[in-house]
Structure formats: structure tokens, C-alpha cells
Amino acid sequence: MADSTMKQLGMVDLGFTAPAVQLPDATSAAEQVLSDALAFCAQKMRFDSCETALSRLRQGDREACTYCFYSVARRVAEFLGAWDENVKAVYICDYDATPEDLCFAETVQSPPVHLLVRVDRKTSALNSLLAALDRALVQKYAELTAMNRLACFLDAQVVDDADVEKRIGYGTLLSSIHHRPLQVWSR
Amino acid sequence: MEEKVEEVLDRPHPGIVVAESPRENLWHTVLAQLDDVARRLKLDPGIHAILRQPERELTVAVPVRMDDGRIEVFTGYRIQHSSARGPCKGGIRYHPEVNLDEVRGLAALMTWKCAVVGIPYGGAKGGVQCDPRQMSEDEICRMTRRYTAMIMPIIGSRRDIPAPDVNTNAQIMAWISDTVSMLERKTVIDIVTGKPISLGGSVGRREATGRGVAIVARELLKRRRRRLSDTTVAVQGYGNVGSVAATILQQMGCKIVAVSDISGGLYDPRGLDIPGINRHVAAHPQGLLEGYEAPGVEKFSNDDLLVSDVDVLIPAALEHQIHAGNAPYVQAEMIVEGANGPTTRQADEILQERRIIVVPDILANAGGVVVSYFEWVQDLQCFFWDEAEVNRNLERIMVRSFEEVWDFSQQQQVPLRLGATMLAVDRVARAIQARGIFP
């Protein structure tokens, strides 16, 4: 609802809005995202087929996982950006590992894929979409890899300008010097 | 509590080494700190002016043949802030947002970090503007080799020794060493640290930062006349730094009552079974605490951990975990910063007012750079130590460094964070003075 209309009606903007449109088909989006991820991994690692990429993903190959999950982040970001004009930029961030861990320890690259979604304003519609995407990705990833269903595949944290400017919660990470998130999409 | 960012942006706060606001420029922050420390030390204006500028800055355009045949040109930097105390030392990071001022700021911070622990290095930093996750391993290798060739005129085992940083690792360091070796037609392993053990890397490097944190915490407790066996500790972050610090502090006799990672926290007022937790983390597919259960162990959040009732708090995860919102509720008497920049500027002021002792990151997590120095020493000698030797020397340097920072801070009547930065700047200034100005 436009701000002027809300004012005329004496309504207060609570900072979120109800979904105004039907959510897109998360299941087919998840399928496409994972298929693209295997293709990206196969291309970067010069595999002859996506089957090889899948096999390496199943084995937990660090490099294969890194490429796959990066591609997932990009595709999900593009999807979010196309669907929700509030989304300004999306970042991938390994905030479960310090640079020290990544340099010197045997860290495991595995889901969840951590995303920071920067928005103009937080909406419940975007939250619903992210939850639907996560459920679909959990399901499709389990089918694809024949592994146990994960509790979570996509860990997306939504931050707005105030979070970033005032360094609140995950907004802090966007200006981090030592844990630099990688931007995977911007409007 | 609301963060009053605007109020503090215009005044320097020595020792806080992270940009407080996204709008803040790291290099400007570092300069503001330097100016304040220079005033306090009554630094010679000429030496102050020298330290306000990096000694040498090199920007390179790095052409790389990509897998699809096209050529892409990446921008790379290597900045040497000061070589007054010895060859420059600092990491190389690969990130799309690497920029000159960030690299300048990080290079200066390396100067202070090496000086505070008294290792004979100056400070440097490097970086290449790229997104390594979009590049194949071959592309990263070719970019690394070309970047190395282009910065070779200013790096060297007696000039400037790079190391890993954000998005770089032991493999990339090995490529740097190999590139220099090929171009110089001799084996050159002492030009870079953080290499694989098979190529002149040092044993004990992986554990070095956490071990250093534990040593510093123990020395702090000694100065506070506290018995280790009566001390309770909480560790936030259970990665390479936090898990090693927790393990060693428990071996020293401390009671680790709380640990946490991104999956949540564990609390047991009687003391956690750290070896058992380590076994659980090693077996967990993602290396997390998640799913650990033992009698008497309660689950709680990261936020709870930071304000838990303990003697020593060790933040060993991300930046800015202790902020104005939770600093008033921190119950620990002592904080040892295992992570880089875990305390915001406002939080630091609150902790100071509350007389909570903070051992700053520049000292507390310097174990990593100290063992990098050992790697270089071993490479130069072509004689490699065993882990016990590495740990013995790390212990010696960390104990000495803590004592020097503690004594200097007491003498100057300043908090440890400010004292550490003042001591570092003073040491660099004395080196410049002793060398004189060439010619």
C-alpha cells in the first residue's frame, strides 16, 4: 500500500507488509538452482559432466562444494531480486568460520548457505519466500544427493539500511574488515 | 542502549582497529589513532609525519588468461607501511572490494602488531580485486603467479614477506613461493609464510593463535593474583582459535563453563568436558557444537554467553560481538580478545568505565603472526623445529609481550588497548630515530 494512502487512512506502517501477490513456485526454482549449481561446478572444475560434479559434492569435496554453494547463492539472489523490488543486494558470507579457520583449519564446506539479503524494507512476503525456498532446497538437495534431509539449506538474514548503518545484528557483517562478505548480486 | 555513532566518529579512539561505521574509512581511522597516540607520546613531528604515510605503495594491473580464452585484468596492491623495524610482513587478500585505503590501514595495523610483540618486522598488506569464487583453481593460480611476478620488485625474504589473509590459503602461498623460485632459478621458500608443512611451513601454526590467547589469559590471571583452578571461562566461537584456547586453558586448570558457535552454546557451571566436546566437533559433519549432549549441560545462546557470569570472557569469533547493547551487562571481570575487533568503540568505553580489563586483539591474538615469524626463521636457516620448540618460543614471546604491555600501561596509567598501541608506535619511532634519515 502506498505511503500516501496509508496516511489518508490514518494507518501506521509497522515495518512489514503482508504478501500482496502469490509466491512463485519455490519447488521448480529450487530444482533449477541446484541444476545450475552442478553445471557451474562442472564448468569451473572442468568436469566432463554434471554427474561428476554431483559425485564430488556427495563425497564432500571442498572445492566442488564451494563452487556449488556459491552458484546456489547467485541463483537464489537473482531469483529474489527478480521477484522482490525491495531487494537491493545479496551477499554470501561464511560467518561460521573465521579467516583463520579458512586459512589454517580443515573446514568443511556444507550447507547451510549463508546469505545476507539487503533490502529497502523488511517484508513478511520476502520472509515467506525465503522460507519456502529453503524448504524446497532442503527437499531437492536430499533427493539430488541421496543424503539425509538437512534441517536448513538456506540461512538468509535480511538486513535493511538501518541495520547496516547502525551496525545492528547481521548488518554489522557488511562493513566487516576481517570477514568480508562477497556480493553475489545487486540491483 | 542506542549507539551514538555520530558523537564518536569525530574523535580518535586509540587501539580500536576496526571501522566503527560503514561510512568510515579504515585508513582515516588508523591515522586518527596514530595522531592521538603521537600526541600522548609527544612524538617527534618528523617521525609522526613519516608514520602518517605508507613507505611504499605499488598498484599493479594483473592480466590473466581466463579458462574461456578471454583476458581479464585485475587490480592488485602491495603496500608497505613501515620497514623501520625489519622486513615488512602482512597478508594478501582476494576480494572484489579490496581498495587502496583499506590495504593502507591494514598495513599500518600490521606495523603495530609486529612491534607490540617485539618481532623484527615492519607492516605490509596486499590484495587483488577479484571474486575468487567465480574463478577456477587454474585461473586463481595464473592470477596469483602473475600478481607475484608484478610485486616481486618489492617483496623478498629481507624486504617483505606475504602471508594468507581473506580468501587466500596455504596453496596460494605455495604458488607464490614457486613463482619466485622459478623466476630466480633457485628454491625460495622464505619469501612467504603460511605455506604447507611440505613446503617449509611451520608445525604449530594452526594452533598458534589459540595457544597465544590462552597464554595471555594465564598471564593476566597471574597479574590479577587469581588461581587458575578458581577461574571460570566462557569462549565465544569454537573454531581454530576458540577451541584451541579452551582446550589449553582447561589443561592449565581453568574451568571452561561456556562455549558457543554459530549453532548455539553449551553451559555447565561445574565445567564442560572440553575433550569430549572436541571429539563431538571433530565428528560433526560441519564441525559444530550442535547436537552435543552431556549430563548437566544446558543449551544457551551466543548472546547469553557474552553476558554469562564468568571471570574471563574470550570472544573468538566475529568482529563487533561486544557492542553498546550488551557491554553494560557483561559480567566477566576480564576479556581476552581472540578475534579481530570483537569490541566496538562504544562498548570499549563502557567496559573501561566498568573497570573490566580488556586484553586487546593486537596483543591477545598475535600468536599467529609470531609463529609466522618462526616459519620465516626456520626457512632462513633451512632447519626445522619440532612442535615443542615452536610452542616453547611462542610461550616466551607471548609472556614477554604481555608483561611489557602490562607494565607500560601501568606506567602510563592507560588501559591495555591504548597502552599496546602506544608501546608499538613508540618502538617503531625509536627504530626510525636509531636508523636516522637516509642519506
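The values are calculated or read from the model by the stated rules, or taken from the named source; none is laboratory data. Everything numeric here is computed off the predicted structure, so don't read it as measured data. Cβ atoms come from the backbone with ideal geometry, glycine included; neighbour counts cover every protein chain shown. Note: areas computed on protein heavy atoms with side chains; ligands, DNA, RNA excluded. Shrake-Rupley method; radii C 1.70, N 1.55, O 1.52, S 1.80 Å.
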Would you mind calculating the relative contact order of segment A:26-186 from Cα pairs under 8 angstrom and at least 6 residues apart, reporting the percent as a whole number? 26
Give the cross-link partners of A:Lys44 among the aspartates and glutamates, using a straight C-alpha distance below 13 Å as the criterion and excluding same-chain residues fewer than 8 apart. A:Asp36, A:Glu63, B:Asp67, B:Asp68, B:Glu137, B:Asp138, B:Glu139
Rounded to the nearest 5, what % of the DSSP beta bridges within segment A:26-186 are antiparallel ones? 55
Using only helices, what value at 222 nm comes out for the protein assembly as shown when you add -39,500 (n - 2.57) per DSSP H run of length 4 or more and divide by the total residues, to the nearest 500 deg cm²/dmol? -14500 deg cm²/dmol
Accessible area of chain A with a 1.4 Å probe: how many percent of it is carbon plus sulfur? 50
Ignoring ligands, DNA and RNA, how much accessible area is buried between chains B and A, both sides summed, with a 1.4 Å probe, to the nearest 100 Å²? 3800
Are there residues in segment B:77-93 whose accessible area shrinks by at least 30 Å² when all protein chains are included rather than the chain by itself, and which are they (probe 1.4 Å, ligands and nucleic acids not counted)? B:Arg93
Give the shape of segment B:40-192 as rounded, prolate or oblate, defined through the alpha-carbon gyration tensor: a ≥ b ≥ c are the square roots of its eigenvalues, a/c under 1.5 means rounded, and otherwise the shape is prolate if a/b is larger than b/c and oblate if not. prolate
Can you give the mean number of other chain Cβ atoms that lie within 10 Å of the Cβ atoms in peptide A:169-182? 6
Along the Cα→Cβ direction, 7 angstrom out, place labels at B:Asn25 and B:Thr59. What is the inter-label distance in nm? 1.3
Two-site label geometry, A:Glu51 and B:Gln352: point separation in nm, points 7 Å out along Cα→Cβ: 6.6
Counting only DSSP loop positions in segment B:201-260, the trypsin sites (Lys or Arg not before Pro) whose Cβ has at most 11 other Cβ atoms within 10 Å are B:Arg225, B:Arg227
What nm distance separates the two modelled labels at B:Arg435 and B:Gln410, each placed 7 Å from Cα along Cα→Cβ? 3.3
Three-way shape call for segment B:219-306 based on the alpha-carbon gyration tensor, with the a/c threshold at 1.5: prolate
By average Cβ neighbour count within 10 Å, what is the ranking of A:169-180, A:45-56 from highest down? A:169-180, A:45-56
For segment B:162-315, just say rounded, prolate or oblate: build the C-alpha gyration tensor, square-root its eigenvalues into a ≥ b ≥ c, call rounded for a/c under 1.5, and beyond that prolate if a/b exceeds b/c, oblate if not. prolate
Of all DSSP beta bridges located in the protein assembly as shown, what percent are antiparallel, nearest 5? 50
25 Å Cα-Cα reach of A:Lys88 towards lysines, excluding residues that sit fewer than 8 places from it in its own chain: A:Lys122, A:Lys166
Length released on extending from B:Arg392 to B:Asp131, taking residue separation times 0.36 nm less the Cα-Cα span: 90.0 nm
Just the number, please: percent antiparallel of the DSSP beta bridges in chain B, rounded to the nearest 5. 50
Percent relative contact order for chain B, counting Cα pairs under 8 Å at least six residues apart, stands at 16
1.4 Å probe accessible area per residue over chain B, in Å²: 39
State the number of lysine pairs found in chain B whose Cα atoms come within less than 24 Å, restricting to pairs 8 or more positions apart or on distinct chains. 12
FRET efficiency estimate (nearest 0.05) - Cβ-Cβ, B:Ile50 to A:Ser186, R0 41 angstrom: 0.55
Within segment B:24-76, list the trypsin sites (Lys or Arg not before Pro) lying in a DSSP loop whose Cβ has at most 16 other Cβ atoms in a 10 Å radius. B:Lys42, B:Arg52, B:Arg70
I'd like to compare B:83-89, B:395-401: which one has the highest average count of other Cβ atoms within 10 Å, and what's the full order after that? B:83-89, B:395-401
Of every hundred units of 1.4 Å-probe accessible area on segment B:40-192, the number belonging to carbon and sulfur atoms, as a percent, is 48
Using r as the Cβ-Cβ distance of A:Asp25 and B:Ser157, and R0 as 51 Å, what FRET efficiency do you calculate, to the nearest 0.05? 0.30
By per-residue mean of other Cβ atoms within 10 Å, what is the highest-first order of B:298-306, A:131-139, B:257-265? B:257-265, A:131-139, B:298-306
In segment B:345-439, what chymotrypsin sites (Phe, Trp or Tyr not before Pro) fall in a loop by DSSP, with at most 11 other Cβ atoms inside 10 Å? B:Phe383
